[in-house]
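Down below is the structure, laid out as structure tokens.
The values are calculated or read from the model by the stated rules, or taken from the named source; none is laboratory data. Here the structure is a predicted model, which means the values were calculated and not measured. Cβ coordinates were reconstructed from backbone atoms using ideal geometry, including for glycine residues, and neighbour counts include every protein chain displayed. Calculation scope for accessible area: heavy atoms of the full protein, side chains included, ligands and nucleic acids excluded. Shrake-Rupley method; radii C 1.70, N 1.55, O 1.52, S 1.80 Å.
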Amino acid sequence: MTDEEAIALAIAEAKAAGARGEVPVGAVVVSAEGEVLARDGNRILERRDPTAHAEMLALRAAAEKLSNERLLGTTLYVSLEPCAMCAGAISLSRVSRLVFAAEDPKGGAVLRGPRFFEQPTCHHRPQVGRAGDPAEAGEVLKAFFRARRG
């Protein structure tokens, strides 16, 4: 599976989350062999859980599928730059690569804000890359919030 194919799955999960009334962010965990281990979108409102971000749900499901909390060799694809909480979980789960489409100027913690993986206290630093069309991923979010504001 290519980075472009996997990020397209993450964006599809983001759109599905938006259709459920959740902030549209999607995530997909792919093994080194190209197998999709887990995929999900935000479910914060549905689960009444502030930690039910797409990345957290996908990481948990992948760890359960592999029966291992260490996701060595995997790539996490996300429609939007992860926040600090998710960056921490990515580090602790030992994801090998993180690939995302759109930057998050407000809540992002990889290229912006705390730049989590650059901190000396960070336990594990995944390789970080970009894929997909950032404008498309950003438009999913913009359209969601435009509709909310009426």
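In the neighborhood of VAL25, defined by Cβ-to-Cβ distances under 11 Å, what is the net charge if each Lys or Arg adds +1 and each Asp or Glu adds -1? Counting the neighbours of VAL25, the net charge comes to -4.
Each Lys or Arg adds one and each Asp or Glu takes one away; over the other residues whose Cβ falls under 14 Å from the Cβ of VAL128, this sums to -1. Springs join every pair of Cα atoms under 10 Å in this Gaussian network model of the chain, and among THR51, THR121, THR74 the largest mean-square fluctuation is at THR121.
By accessible area, using a 1.4 Å probe on protein heavy atoms only, the chain has 53% of its surface on carbon and sulfur. Cross-link reach is defined here as a Cα-Cα straight distance under 30 Å, omitting same-chain residues fewer than 8 places apart; for LYS106 the lysines meeting it are LYS15, LYS142.
Bridges between two residues of segment 29-150, per DSSP, are antiparallel at a rate of about 30%.
In a DSSP loop and with at most 14 other Cβ atoms within 10 Å, the trypsin sites (Lys or Arg not before Pro) in segment 1-101 are ARG20, ARG48, ARG70.
Structural size metrics of segment 57-123, computed from C-alpha coordinates, are Rg and Dmax of 11.7, 35 Å. Only one of (1) 0.94; (2) 1.02; (3) 1.07 was calculated from the structure for Rg/Rh (Cα atoms, Kirkwood Rh), and its label is (1).
Could you work out the longest stretch of the chain that avoids the GluC sites (Glu not before Pro) located in DSSP loops with at most 13 other Cβ atoms within 10 Å? Here the longest run is 70-150. Calculated mean residue ellipticity at 222 nm for the chain: -12500 deg cm²/dmol, from DSSP H runs with n ≥ 4 weighted as -39500 (n - 2.57), summed, divided by the residue count and rounded to 500.
A straight chain from ARG146 to LEU92 at 0.36 nm per residue would run longer than the Cα-Cα distance by 15.9 nm. Between segment 85-116 and segment 24-43, the alpha-carbon centres lie 15 Å apart.
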